[in-house]
1. Evaluate region 198-221: report whether one residue or more is more than 30 Å from Met49 (Cβ to Cβ) and touching a residue at least 40 places away in the same chain (Cβ under 8 Å).
2. One residue is enough: does region 82-97 have a residue meeting the conditions free of Cβ contacts under 8 Å to residues at least 12 places away in the same chain and surrounded by fewer than 18 Cβ atoms within 10 Å (Cβ to Cβ)?
3. Taking region 53-71 on its own, how many of its residues are aliphatic (A, V, I, L, M) and farther than 21 Å from Arg40 by Cα?
4. Among the residues of region 168-205, count how many are away from ligand 2 (no atom under 16 Å from the Cβ) and either closer than 17 Å to Pro126 by Cα or of a type in the set (Val, Ile, Thr) (or both).
5. May I ask you to list the residues in region 44-66 that are over 21 Å from the mean Cα position of the chain (by Cα) and either within 16 Å of ligand 1 (Cβ to nearest atom) or closer than 18 Å to Glu200 by Cβ (or both)?
6. Return the only residue of Ile261, Ile291 being at pLDDT 95 or above and either surrounded by 16 or more Cβ atoms within 10 Å (Cβ to Cβ) or closer than 30 Å to Ile31 by Cα (or both).
7. Which residue is nearest to ligand 1 (Cβ to nearest atom), if the candidates are limited to region 132-166 and must be small (Gly, Ala, Ser) and surrounded by fewer than 18 Cβ atoms within 10 Å (Cβ to Cβ)?
8. Quick one: is Phe116 surrounded by 17 or more Cβ atoms within 10 Å (Cβ to Cβ) and either small (Gly, Ala, Ser) or free of Cβ contacts under 8 Å to residues at least 60 places away in the same chain (or both)?
Amino acid sequence: MTKNNKPNVFKLAIQKSGRLTDDAVRLLNEIGLKFNHGNRALRAPLEGMNAEILFLRDDDIPEYVENGVAHAGIVGLNTLVESGKQIRVVSSLDFGHCRLSLAIPKDQSYSGPEFFKNKRIATSYPNIVMRYFNEKNIPVTIEKIKGSVEISVSLGLADGIFDIVSTGSTLLMNGLKEAETVMKSSAVLISGNHLTDEHESVLSDLLFRIQSVQHAKKNRYIMLNCPEEKAESIGKLLPGVKSPTVLPLAMKGWCSLHSVIHEEDFWPLLSRLKKEGAQGILVIPIEKMVI
Ligand code: PRT
Ligand code: ZN
C-alpha cells in the first residue's frame with residue numbers, strides 16, 4: 001500500500017482552480033489545516049492529520065462525495081442542486097455568494113415568468129431552470145450550453161438566459177437585464193450520508209472549527225471605560241457570551257468593561273453607550289471564537 005492510499009484517510013474535496021478555490025483554501029488555513037496548494041498535484045496530505053485535500057473540478061465534487069471517493073467537499077450550492085445528488089449540506093460558508101437568475105434583452109418589457117412561455121432559454125443549469133418552469137406549468141425549451149451563456153441571445157441561439165449573476169455587469173455588457181431571481185447560492189460544506197464513526201468525528205471537528213471562525217467574523221471584542229455606577233446599565237447593553245467582564249481602573253470610581261458584540265449591533269448601540277457615560281471605546285476583531 002502506498003503512502004497516498006492509507007486506509008481511513010479522510011478526504012475533503014475542493015475546487016482545483018476557480019472562483020471558490022482561494023476562499024476555500026483561506027478558510028481551511030484559518031481553521032488550522034496545513035497543506036500544499038499551488039503545484040499541479042490533485043491531492044495534498046494534511047499535516048498532522050489522517051486526512052487529505054482532493055483538488056477537483058467543482059461539477060465533479062457532488063458525485064465524488066456521493067460515491068464515497070471524497071468524504072466531504074466544498075462546492076457552490078448551485079452546483080449541488082443542479083447535480084440532483086441527495087447529500088448532506090453540513091454548513092453554509094460565507095463566500096461564493098451569487099444568485100441564479102433569468103435574464104432577457106434589456107429593451108424588452110417583462111411582466112412575469114409567463115414571458116418565457118414557449119421561449120428558448122440558454123443555460124448551464126438545465127435541471128434547476130426546468131424544475132422552476134415545470135412547477136409553474138410554463139412550457140419552455142432549454143438550450144444547454146457550457147460557458148459564455150450571456151452571448152447566446154445576441155447570437156440568436158436563445159430568447160433569454162438562466163445563469164449566475166453576481167454584480168450584474170456581465171448581463172449589462174451583453175445587452176441583458178435580470179428578470180427573475182430563481183435561487184440564491186453560496187459555497188457550502190457537504191458530506192456523504194454514510195460516513196464511518198471515525199470520519200463523522202473528523203467532519204464534526206471540521207465543522208466546529210469552521211463555526212468558531214464564522215462566529216469570530218461576525219463578532220467584535222469591545223472595551224470601554226465608564227463610571228463604576230454605570231457598569232450595570234452599560235453591561236445590560238453588552239451582555240456578551242455570558243456576561244461582560246468588569247475590571248477596576250487605576251482612577252478611583254472608574255472601571256473598564258469588556259464584552260463581545262455582534263458587529264452589526266455596534267453602530268446602532270454607540271449613541272446609547274455614550275449617553276450612558278462610556279468613554280475610550282475600542283472595538284477589536286476576533287480571530288477565533290468558541291462558544
Ligand atoms: O473549472 P470548474 O468546472 O471547476 O469551474 P467553473 O468554471 O464551473 O466554475 P467557476 O470557478 O466559474 O465558479 C465556481 C462557483 O463560484 C459557482 O458555481 C458559483 O457557486 C460561484 N460564483 C460566485 C460564481 C460567481 N459568483 C460568478 N459571478 N460563478 C460564476 N460567476 C460568473 C457567471 O457565470 C457570469 O459569467 O460571473 C459572471 C457574472 O458575474 P457578474 O459579477 O458580472 O454578475
Ligand atoms: Zn464547473
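1. yes
2. no
3. The number of residues fulfilling the criteria is 1.
4. Number of matching residues: 8.
5. Answer for region 44-66, where residues must be over 21 Å from the mean Cα position of the chain (by Cα) and either within 16 Å of ligand 1 (Cβ to nearest atom) or closer than 18 Å to Glu200 by Cβ (or both): Leu46, Met49, Asn50, Ala51, Glu52.
6. Just one listed residue meets the conditions, Ile261.
7. Ranking the candidates gives Ser166 first.
8. When the stated conditions are applied, Phe116 passes them.
The values are calculated or read from the model by the stated rules, or taken from the named source; none is laboratory data. Source: prediction; values computed, not measured. Here the Cβ is made from the backbone with ideal geometry for all residues, glycine too, and neighbour counts use every protein chain on show.
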